[in-house]
Every structure is written in C-alpha cells, then in structure tokens.
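Okay, structure first, notes after.
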Amino acid sequence: MSQSVTSDAAPADLLPYVESDEQALELVRLVDWARLPRHIAIIMDGNGRWAGLQGLPRVEGHRAGITSVREVVETAARAGIETLTLYAFSVENWKRPRQEIDALMELLKEYLGRELGTLLEHSIRFESIGRLDGLPEDVQEDVRSAIAATSANTGMRFIIALNYGGRTEIVDAFRAALEVARNGDFDPAELDESWLSNYLYTAGVPDPDLLIRTSGELRISNFMLYQIAYAEIWVTSKLWPDFRRADLLRAIVDFQKRERRYGAVDTGRG
Ligand code: IPE
Ligand code: IPE
Ligand code: MG
C-alpha cells in the first residue's frame, strides 16, 4: 500500500520493495531522505554463531548470510545510498580452517554468478578493496569480470572488502607512495591527509558516515582504520544472516538522530 506512505521524498524505487514489509515501511516514513549517509560500511559478523544455533555447520551460516547481502545491497541501492562497503573476508580470516575458507570462496563465486543481473538492473557499480592478488585465481577472475561488467553503471557503488586489512591497506599506501617518492622529487612537507587518502584502496571514495556491525561485537577487527575516523558506529546484536532491509533502515534512522561534531562544539543548542 504505497499510497499510505506520506514521505514525498522517499525514493519511488524503494516503495514497491518495502510495501509488504510493515516494519520497513514504518521506518521509511521516519527516514529524512534529504540527509542520507553517503557511505555505509558493514562488518558482517555472526554467520558461524547463527549456524551453531541451528545445529548446522558454519558454512551454512555463510550461505544464509548471502540472503542478507542481497537484501542489503538492493535496499541500499533503491534507497539512493551512494556507496555501500561490505567486509567479506579479512587478511586475518586465512587463519580459519581450510574447508571454511574454500566454502567462502565458492559462495563468493556463486554470488557473483547469480547476482550480476541484479547489479546491472539497478545500475550498481561493483568494486573491491583488499589484496585481490592474494585470492585464488578463479575468484580473482570472477571479481575482475564483475567489476568490468558493471564499470559503466552510474548508480550505487558497491565495494566488497576481500582479503582486506586496515593495516595492510596503510602499508600498501606507504609502499605506493614511497615508490613515487623514489622516482621523483618529493618534498615531505607536501604529505598531508588528502595525499595519503589518494594512496588508500578507497582513493576517491568518501569516508564511511555510518559503520554497522552485526552480532554485538564491539570491535573494529582491522576494518577501514583510516577512513572511519569520524564514522558513526551502530551495532546490533542481530546475527548477519538475520539482518534484513528493516535493520538497514533502522540504522539510517538512528544515524540521523546523532549529532556529528567532528571535534567542534555544539552550535545549535545554546
Ligand atoms: C562473518 O561471520 C563472516 C566472515 C567473517 C567471513 P563469522 O564467520 O565471523 O561468524 P561468527 O562471528 O564466528 O559467528
Ligand atoms: C570481521 O569478522 C571480518 C569480516 C566480517 C570479514 P571476524 O569474525 O573475522 O572478526 P573477529 O575475529 O571476531 O574480530
Ligand atoms: Mg566473526
């Protein structure tokens, strides 16, 4: 019943997608559509615990988590979010059992194979951050081909963090910058924050405004260490496979109640 939605500014694309979901529809009314976070980043966590609670192997939690990925990507794109980054595999995740890692790589390939149509339908630009070269060849190929197939899209930028580490990213930025310095004149006084930003994997991408973590863990787990300097952090106890469109909308509504000060004083309230 999209007629009952009063918020004029809610994107027309989103309404048919939420109309059968009462909770999401309610939240759509609460969102200030003129003040969306430009970049939402998500630490998807709790797949293993979700599986454990169902008496299933961990891999089934990862499989179930794909449903959440599909729903969140589509909701964010329809809502008009500029950039969505999902943390899918960290450089530390290689410590996991081989069988779990293999299953994660297979699921990623399955996802890319099945979802390309959706990405194109919503004009989503798919990108990746992390040490892509360190992934199995076949996974690299699928990731690169999804990037190429969606590179002309003009809608939401969907960045997947794969073999990603925040410290690794800073190390890689230093390596690249020192390489440049070695090949030419370089005045250390020129090095500033925007210069450094341009050597990160996220060069050209605005910093996340909203950082979401599922499964209740209160830690960053080496994610976007440089970029989240002033991100608003939103944690839910929900496990990632249970995360739905309404949860994303709830995070946006809560984000909009925060006062972002960036170190300054509150000017609006006397
Ligand atoms: C997140 O779920 C998925 C990845 C890190 C790849 P986990 O696999 O970390 O699930 P928990 O935290 O063990 O429940
Ligand atoms: C963070 O989850 C990494 C990803 C979501 C890819 P983890 O489950 O690996 O983090 P820790 O080990 O609990 O810190
Ligand atoms: Mg975890």
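Points worth noting:
- One residue alone among ALA146, ALA189, ALA181, ALA177 is of a type outside the set (Ser, Thr, Tyr) and at pLDDT 95 or above, and that residue is ALA146.
- Residue, surrounded by the most Cβ atoms within 10 Å (Cβ to Cβ), within region 11-28, restricted to residues that are of a type outside the set (S, T, N, Q) and not in a helix (DSSP H, G or I): LEU14
- Within region 152-178, the set of residues being open to solvent by 80 Å² or more (accessible area, probe 1.4 Å) and either without any contact (Cβ under 8 Å) to a residue 40 or more places away in the chain or touching an Asp or Glu at 6+ places or on another chain (Cβ under 9 Å) (or both) comprises ALA152, THR154, PHE174, ARG175, LEU178.
- Taken over region 222-236, the criterion of being touching a residue at least 24 places away in the same chain (Cβ under 8 Å) and within 16 Å of ligand 2 (Cβ to nearest atom) is satisfied by ASN222, PHE223, MET224, LEU225, GLN227, ILE228, ALA231, TRP234, THR236.
- Close pairs (9 angstrom Cβ cut-off, 6 or more residues apart or separate chains): on the phi > 0 side of the Ramachandran plot and touching a residue at least 60 places away in the same chain (Cβ under 8 Å) in region 25-49, within 16 Å of ligand 1 (Cβ to nearest atom) and in a helix (DSSP H, G or I) anywhere: GLY46/GLY61; GLY46/GLY65; GLY46/TRP240; GLY46/PRO241; GLY46/ASP242
- Meets criteria (within 12 Å of ligand 2 (Cβ to nearest atom) and open to solvent by 10 Å² or more (accessible area, probe 1.4 Å)) for VAL69: yes
- Flag for ASP133 being more than 18 Å from the chain's Cα centre (by Cα) and loosely packed, with under 14 Cβ neighbours inside 10 Å: yes
- Taken together, ASP45, ASP32 contain a single residue that is within 16 Å of ligand 2 (Cβ to nearest atom), of a type in the set (Asp, Glu) and closer than 20 Å to TRP234 by Cα, which is ASP45.
- Where GLY55 falls short, out of the listed (1) more than 14 Å from ligand 3 (Cβ to nearest atom); (2) open to solvent by 20 Å² or more (accessible area, probe 1.4 Å); (3) in a helix (DSSP H, G or I): (3)
- Of the numbered criteria (1) open to solvent by 30 Å² or more (accessible area, probe 1.4 Å); (2) within 16 Å of ligand 2 (Cβ to nearest atom); (3) of a type outside the set (A, V, I, L, M), the one PRO188 fails is (2).
- ARG219 at pLDDT 95 or above, open to solvent by 40 Å² or more (accessible area, probe 1.4 Å), among the charged types (D, E, K, R) and away from ligand 2 (no atom under 16 Å from the Cβ): no
- Qualifying helices (runs of 4 or more DSSP H) (wholly inside region 132-231; at least 1 residues being within 16 Å of ligand 1 (Cβ to nearest atom)): 137-150, 166-182
The values are calculated or read from the model by the stated rules, or taken from the named source; none is laboratory data. Here the structure is a predicted model, which means the values were calculated and not measured. Positions of Cβ are generated from backbone atoms using ideal geometry, with glycine treated the same way; all protein chains shown enter the neighbour counts. Just so you know, the surface numbers come from the protein's heavy atoms only, side chains and all, with ligands and any DNA or RNA stripped out. Shrake-Rupley method; radii C 1.70, N 1.55, O 1.52, S 1.80 Å.
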